[in-house]
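K.L.:
This is the structure, below, for whatever I ask next.
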Amino acid sequence: MPDKIIRGITASPGIRIGKAFLFKGTKVVIPKYHITDAEIQGEIERFEDALAKTKKEIVGIQSQVARSLTKDLADIFTSHLMVLEDPMIEQKAIDQVRDEKKNVEWILNDISLELIKSLDSIEDDYLRERILDISDIHKRLIANLQEVEHTTLAKLDEEVIVFAAELTPSDTALLDRDNVLAFVTNAGGKTSHTAIIARALEIPAIVGTRNGTSNIKNGDRVIVDGVKGIILVNPTKDEIRDYVTQQQELLLLEHELSKLTHLPSVTLDDTEIKIFGNIELPEEMSQIQDHGAEGIGLYRSEFLFMDSFLSDEETQYQQYMKVVNFFYPASVTIRTIDVGGDKVYGFTEQYKERNPFLGCRAIRFSLANEDMFRTQLRAILRASHKKNVKLMFPMISTVEEIIWARKITNEIKDELRKEKKDFDENIQLGIMIEVPSAAINSELLAKYSDFFSVGTNDLVQYTLAVDRIGEQVAYLYNPVDLSVLKMLQLINESSIKKGVPVSVCGEIAGEPLYTMVLLGLGFRTLSMASTYMYPVKRIIRSVTIKECEELVDTLMNIETTSDADSYLQNYVREKFPNLVK
Ligand code: PEP
Ligand code: MG
């Protein structure tokens with residue numbers, strides 16, 4: 001028996017064995033004390049050491065970001081280095097330590113505050129953005145002065161399994177992929193954006209352990225079982241041996257399934273099911289293509305703006321073109337930014353809301369910040385000139401929103417025509433259906449939409465009034481709740497009646513457990529992370545539509561969600577023991 005078993009929710013599958021690393025984030029405490037004449041030299045040396053260490057850290061992060069993400073994101077750190085290497089600031093700190101005989105943390109704090117205050121009063125966006133750099137450098141310097149352990153997960157010295165109370169989506173996107181074997185968080189649910197990024201990066205992850213971090217010490221040996229959603233703390237030798245075998249079996253299964261790449265995605269009764277990819281970061285492109293996807297069904301464009309201010313039109317255009325060219329002639333559905341909710345960026349901080357998921361999120365944010373929206377639309381439309389781009393608006397909840405968004409899009413088209421800039425005149429404009437009001441009004445919304453994409457992550461959240469990242473209520477979050485099944489049925493009926501194509505791009509599209517349910521409900525296009533494309537395709541190729549429909553009929557006649565859930569789990573597990581644990 002292990003010392004302890006921690007339970008959570010699998011966010012990204014896989015098994016990893018390794019050493020625990022407790023990530024506490026950066027809590028900056030500034031010690032303030034006076035020093036004696038004899039201590040001055042030592043204090044200056046402490047400062048020089050911390051400065052050198054911080055520079056090294058930033059250069060490391062910068063090259064890692066350039067390697068694994070994009071060069072543009074890496075450039076963010078150039079300005080960090082410029083501040084660190086500014087000889088005037090360095091000399092000022094040294095002089096003040098000498099003159100004022102205060103400890104260096106105190107001096108640095110005063111200098112940073114002074115710099116921030118002077119920048120804050122300048123009417124220049126570029127300079128104001130440097131405030132963030134200064135406060136980031138300040139935190140790093142203080143942490144290094146106090147020899148606090150890593151404050152970021154972007155660069156680690158050895159392979160570890162990270163345990164944290166919480167990780168933001170951008171913390172996750174910047175993880176040191178060479179050294180983070182897996183991660184475990186107290187907070188979060190399966191459809192949080194942190195979980196989505198973990199799947200995109202193919203890092204096994206368990207979220208929603210509630211108090212996982214209090215059951216772990218740095219250096220504990222742990223097994224992360226991202227199949228069952230458990231963590232074994234200090235397992236026995238037998239348990240380790242057993243898990244090493246399971247790990248090898250998973251690899252073999254993946255290898256076996258990879259043979260499906262070029263086989264058609266059709267059911268036994270010859271119904272074709274299209275599989276598209278969901279993309280957040282450019283580095284996922286080849287994984288998605290290697291898994292045989294037909295194109296991109298959901299490009300979550302907001303991840304371009306992570307850790308940075310909203311980029312200009314040209315930068316965005318270049319980023320979209322990377323994906324558009326890569327998949328050409330296959331289609332790429334670019335969704336305009338869905339910020340807010342659990343995706344809080346510097347530029348969304350103006351909206352401090354009591355219920356962020358019910359607030360100024362997604363299309364609401366874009367319509368409230370029309371200049372940003374227009375810039376993004378210009379970039380997407382220009383990227384459509386090869387005619388393989390579709391444009392999609394997230395979280396439409398009223399008819400007015402789609403009318404408004406279409407109107408602005410038409411204005412941008414006029415602008416581009418006048419400027420003689422190329423774009424696809426017939427670009428398709430679609431909407432995400434992820435709010436109950438949109439599902440109920442889907443027939444009407446079809447009038448204004450060239451296609452629908454069902455965002456089940458949010459549809460489940462909003463239908464059942466369950467926070468998709470809330471671990472306390474995670475037990476209520478269930479896609480087979482009768483109300484959700486009815487919503488999905490309704491959307492599909494509207495799509496058929498109005499001749500508007502529909503796909504499903506929420507996480508259940510890529511969960512083998514729900515493949516038969518979605519097929520039985522009538523969906524024929526699924527968009528998902530590459531992780532589960534093979535298992536889903538294997539299921540598609542082994543079932544008939546008739547049996548899927550019968551399964552849905554049975555589920556819709558079960559009264560309680562827990563009974564429906566157990567029925568489905570048993571049914572699919574029995575039929576596909578290797579694919580659904
Ligand atoms: C969804 O809600 O299902 C969806 C695909 O959008 P996101 O997960 O980005 O909110
Ligand atoms: Mg959504």
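The values are calculated or read from the model by the stated rules, or taken from the named source; none is laboratory data. In this text, all values refer to a predicted model and were calculated from it rather than measured experimentally. Ideal geometry is used to build each Cβ from the backbone, glycine not excepted, and the neighbour counts take in all protein chains shown. Only protein heavy atoms, including side chains, enter the accessible area calculation; ligands, DNA and RNA are left aside. Shrake-Rupley method; radii C 1.70, N 1.55, O 1.52, S 1.80 Å.
K.L.:
Considering each residue of segment 431-453, count those that are near ligand 1 (Cβ under 10 Å from one of its atoms) and of a type outside the set (Val, Ile, Thr), and give that number.
P.N.:
Total meeting the criteria: 3.
K.L.:
Which of the residues belonging to segment 424-453 are touching a helix residue (DSSP H, G or I) at 6+ places or on another chain (Cβ under 7 Å), under 24 Å from residue 378 (Cα atoms) and open to solvent by 20 Å² or more (accessible area, probe 1.4 Å)?
P.N.:
448
K.L.:
Under 9 Å by Cβ, and 6 or more places apart or on different chains, what pairs join a residue from segment 403-428 that is in a loop (DSSP other than H, G, I, E, B) with one that is of a type in the set (A, V, I, L, M) and open to solvent by 20 Å² or more (accessible area, probe 1.4 Å)?
P.N.:
Within 9 Å, no pair qualifies.
K.L.:
Out of the residues in segment 454-473 that are within 13 Å of ligand 1 (Cβ to nearest atom) and in contact with a strand residue (DSSP E or B) (Cβ under 9 Å, 6 or more places away or on another chain), which is most open to solvent (accessible area, probe 1.4 Å)?
P.N.:
My answer is 469.
K.L.:
Can you pull out the residues in segment 321-332 that are surrounded by 17 or more Cβ atoms within 10 Å (Cβ to Cβ) and over 18 Å from residue 432 (Cβ atoms)?
P.N.:
321, 323, 324, 327 - these are the residues of segment 321-332 that are surrounded by 17 or more Cβ atoms within 10 Å (Cβ to Cβ) and over 18 Å from residue 432 (Cβ atoms).
K.L.:
Still on this model: Do we find that residue 288 is more than 18 Å from the chain's Cα centre (by Cα) and either crowded, with 18+ Cβ neighbours inside 10 Å or in contact (Cβ under 8 Å) with a residue 40 or more places away in the chain (or both) in this structure?
P.N.:
When the stated conditions are applied, residue 288 does not pass them.
K.L.:
Across segment 257-280, which residue is nearest to residue 224 (Cα to Cα) among those that are among the acidic types (Asp, Glu) and part of a loop (DSSP other than H, G, I, E, B)?
P.N.:
Here the residue is 280.
K.L.:
Of 488, 521, which residue is open to solvent by 10 Å² or more (accessible area, probe 1.4 Å) and not charged (D, E, K, R)?
P.N.:
It is 521.
K.L.:
Could you tell me whether segment 447-464 includes any residue that is in a helix (DSSP H, G or I), away from ligand 2 (no atom under 14 Å from the Cβ) and free of Cβ contacts under 8 Å to residues at least 40 places away in the same chain?
P.N.:
Checking segment 447-464: at least one residue is in a helix (DSSP H, G or I), away from ligand 2 (no atom under 14 Å from the Cβ) and free of Cβ contacts under 8 Å to residues at least 40 places away in the same chain.
K.L.:
While we're on this one: Report whether or not residue 245 is of a type in the set (Ser, Thr, Tyr) and loosely packed, with under 14 Cβ neighbours inside 10 Å.
P.N.:
Considered against the rule, which asks whether it is of a type in the set (Ser, Thr, Tyr) and loosely packed, with under 14 Cβ neighbours inside 10 Å, residue 245 comes out as yes.
K.L.:
When the residues of segment 333-365 are narrowed to those that are of a type in the set (A, V, I, L, M) and open to solvent by less than 70 Å² (accessible area, probe 1.4 Å), which ends up nearest to ligand 1 (Cβ to nearest atom)?
P.N.:
This residue is 362.
K.L.:
Quick check on my filter: what residues within segment 211-256 are part of a helix (DSSP H, G or I), within 16 Å of residue 15 (Cβ to Cβ) and of a type outside the set (D, E, K, R)?
P.N.:
Answer for segment 211-256, where residues must be part of a helix (DSSP H, G or I), within 16 Å of residue 15 (Cβ to Cβ) and of a type outside the set (D, E, K, R): 240, 243, 244, 245, 246, 247, 248, 250, 251, 252, 253, 255.
K.L.:
Could you pull out the residue among 464, 490 that is more than 25 Å from the chain's Cα centre (by Cα), at pLDDT 95 or above and in the same structural domain as residue 569 (by TED's automatic domain parsing)?
P.N.:
That would be 490, the only listed residue that is more than 25 Å from the chain's Cα centre (by Cα), at pLDDT 95 or above and in the same structural domain as residue 569 (by TED's automatic domain parsing).
K.L.:
Can you find a residue that is open to solvent by less than 10 Å² (accessible area, probe 1.4 Å), assigned by TED's automatic domain parsing to the domain that holds residue 334 and within 15 Å of residue 480 (Cα to Cα) anywhere in segment 524-537?
P.N.:
Checked segment 524-537: no residue is open to solvent by less than 10 Å² (accessible area, probe 1.4 Å), assigned by TED's automatic domain parsing to the domain that holds residue 334 and within 15 Å of residue 480 (Cα to Cα).
K.L.:
Looking at segment 513-528, which of its residues are within 18 Å of residue 451 (Cα to Cα) and in contact with a helix residue (DSSP H, G or I) (Cβ under 8 Å, 6 or more places away or on another chain)?
P.N.:
518, 521, 522, 523, 526, 527, 528
K.L.:
Right, another one. All but one of (1) open to solvent by 30 Å² or more (accessible area, probe 1.4 Å); (2) at pLDDT 95 or above hold for residue 476; state the number of the condition that does not hold.
P.N.:
(2)
K.L.:
Between a residue in segment 38-58 that is farther than 18 Å from residue 156 by Cβ and any residue that is buried (at least 16 other Cβ atoms within 10 Å of the Cβ) and among the small types (Gly, Ala, Ser), which pairs come within a Cβ distance under 7 Å, given they are 6 or more apart or on different chains?
P.N.:
47/93
K.L.:
A further question follows. Only residues that are part of a loop (DSSP other than H, G, I, E, B) and of a type in the set (A, V, I, L, M, F, W, C): list them for segment 167-210, please.
P.N.:
167, 174, 175, 187, 203
K.L.:
Looking at the structure I just gave you, is residue 283 more than 25 Å from residue 177 (Cβ to Cβ) and more than 16 Å from ligand 2 (Cβ to nearest atom)?
P.N.:
Here the answer is no, as residue 283 does not meet what is asked.
K.L.:
Considering segment 217-235 alone, what residues qualify as being more than 11 Å from residue 2 (Cα to Cα) and open to solvent by less than 10 Å² (accessible area, probe 1.4 Å)?
P.N.:
Hits for segment 217-235 are 224, 225, 226, 229.
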